[in-house]
Amino acid sequence: MRIVSLLFLALLLAPPLSAQEVDDKAAQKLLKVSKCTNCHSVTKEKDGPPYKQVAEKWKDKPDAEAKLYEHMTTTPMVKVKDKDGNEKEEAHEKVKSEDPEQIGNLVRWILSR
């Protein structure tokens, strides 16, 4: 928990989104390794919301990066639809990286959609 708190603090102290570049290839590689695309896509609705919708929801919110970082590094309960379209709750998988820079890059990539 202490490590997550320190990583969270580091993310808060990082330069704002506009001051940091996004490495598209690294973000897409982490999406693939973490199997994020099983439930998400950039524009299409799947089990999880499309990244474009996530970016719109968090647009102009000062805590957007920190909230998404926390979401990706913990296992919060999320609502998903089963094969019949019924909603159920399940634990969201963590991103498969311990590197705060890689995760931060992915967060910025999502917010830039």
For this session: Determine whether GLY85 is open to solvent by less than 80 Å² (accessible area, probe 1.4 Å) and in contact with an Asp or Glu (Cβ under 8 Å, 6 or more places away or on another chain).
Result: no
Seminar exercise, completed: Residues of the range 20-78 being touching a Phe, Trp or Tyr at 6+ places or on another chain (Cβ under 9 Å), of a type in the set (D, E, K, R) and open to solvent by 60 Å² or more (accessible area, probe 1.4 Å), in sequence order, are ASP23, ASP24, LYS67, GLU70
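The values are calculated or read from the model by the stated rules, or taken from the named source; none is laboratory data. Fair warning: this is a prediction, and the values are worked out from it, not measured in the lab. For neighbour counting, all protein chains shown are included, and Cβ atoms are generated from backbone atoms with ideal geometry for every residue, glycine included. The protein model used for the area step is the full one, side chains on, heavy atoms only, and it has no ligands, DNA or RNA in it. Shrake-Rupley method; radii C 1.70, N 1.55, O 1.52, S 1.80 Å.
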